[in-house]
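S.K.: Input: one structure, supplied below.
The values are calculated or read from the model by the stated rules, or taken from the named source; none is laboratory data. For clarity, every value in this text was computed on a predicted model and none was experimentally measured. Because the Cβ atoms are built from the backbone with ideal geometry, glycine has one as well, and the counts that use them run over all protein chains shown.
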Amino acid sequence: MSDETIRVLFVCTGNICRSPMAEAVFGQMVARAGLSARFEIESAATGSWHTGELPHPGTRAILDRYAIPQTGRCARQIEPRDLHEFDYLIAMDRSHLRDLHDLGAVPAGRLARLLEFAPNAATLDVPDPYYDGSFERVYELVTQGCAGLLAHICERHSL
């Protein structure tokens, strides 16, 4: 078993709703599994609309409701170097997959949609709650996806 750090980057449109929620939820799951020292977890946006802003109030409220620690990080836009520096690039929907491919060549096996790890999810795309306020539904989907992602990573890295 290697002690190398496993780097995970969650990606959505503005980095204020879905990806920071996934970053926080996944971070709590990793901490509860006693694996925090093995992971570096971040999130980023495909666009620059919200760069420098804190997560959306709806995201912060849902994380508070479920007592999930927030990172306090502000939104940032993904950079081409992220494609090679992170072991897992986790997109929230198909448009993010396209945007990541447009950014540059993604090494094989690093890119997936979060809900590919949620076998019982009715969709592969996490909807954007920015437009309809569906933060609770998004939290449920993100939780399912993050649990499956952690199980996948633990199996793949023999954790």
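S.K.: Among the residues of segment 49-83, how many are exposed (fewer than 12 other Cβ atoms within 10 Å of the Cβ), under 30 Å from G109 (Cβ atoms) and over 16 Å from the mean Cα position of the chain (by Cα)?
M.R.: Residues that pass the stated criteria total 2.
S.K.: For segment 101-114, check the following and say yes or no: at least one residue is surrounded by fewer than 20 Cβ atoms within 10 Å (Cβ to Cβ), touching a Phe, Trp or Tyr at 6+ places or on another chain (Cβ under 9 Å) and among the basic types (K, R).
M.R.: yes
S.K.: H101 fails exactly one of the following numbered conditions: (1) of a type outside the set (K, R); (2) at pLDDT 95 or above; (3) not in a loop (DSSP other than H, G, I, E, B). What is the number of that condition?
M.R.: The failed condition is (2).
S.K.: Name, by its number, the condition in (1) under 15 Å from R110 (Cβ atoms); (2) β-branched (V, I, T); (3) part of a helix (DSSP H, G or I) that does not hold for I90.
M.R.: Failing condition for I90: (3).
S.K.: Next question, about the same structure. Can you pull out the residues in segment 130-144 that are surrounded by 21 or more Cβ atoms within 10 Å (Cβ to Cβ) and over 13 Å from the mean Cα position of the chain (by Cα)?
M.R.: If the condition is that a residue be surrounded by 21 or more Cβ atoms within 10 Å (Cβ to Cβ) and over 13 Å from the mean Cα position of the chain (by Cα), then F135 is the only one that fits.
S.K.: Does A147 meet the test of being in a helix (DSSP H, G or I), surrounded by fewer than 17 Cβ atoms within 10 Å (Cβ to Cβ), among the small types (G, A, S) and under 13 Å from the mean Cα position of the chain (by Cα)?
M.R.: Considered against the rule, which asks whether it is in a helix (DSSP H, G or I), surrounded by fewer than 17 Cβ atoms within 10 Å (Cβ to Cβ), among the small types (G, A, S) and under 13 Å from the mean Cα position of the chain (by Cα), A147 comes out as yes.
S.K.: Just one of (1) in contact (Cβ under 8 Å) with a residue 24 or more places away in the chain; (2) assigned to a helix (DSSP H, G or I); (3) within 14 Å of the chain's Cα centre (by Cα); (4) farther than 17 Å from A151 by Cα trips up S95, so point out which.
M.R.: (3)
S.K.: Has segment 2-17 got any residue that is in contact (Cβ under 8 Å) with a residue 60 or more places away in the chain, surrounded by 22 or more Cβ atoms within 10 Å (Cβ to Cβ), part of a helix (DSSP H, G or I) and in contact with a Pro (Cβ under 8 Å, 6 or more places away or on another chain)?
M.R.: no
S.K.: I need a count of the residues in segment 18-67 that are under 22 Å from A151 (Cα atoms), in a helix (DSSP H, G or I) and hydroxyl-bearing (S, T, Y).
M.R.: Of the residues in that region, 2 qualify.
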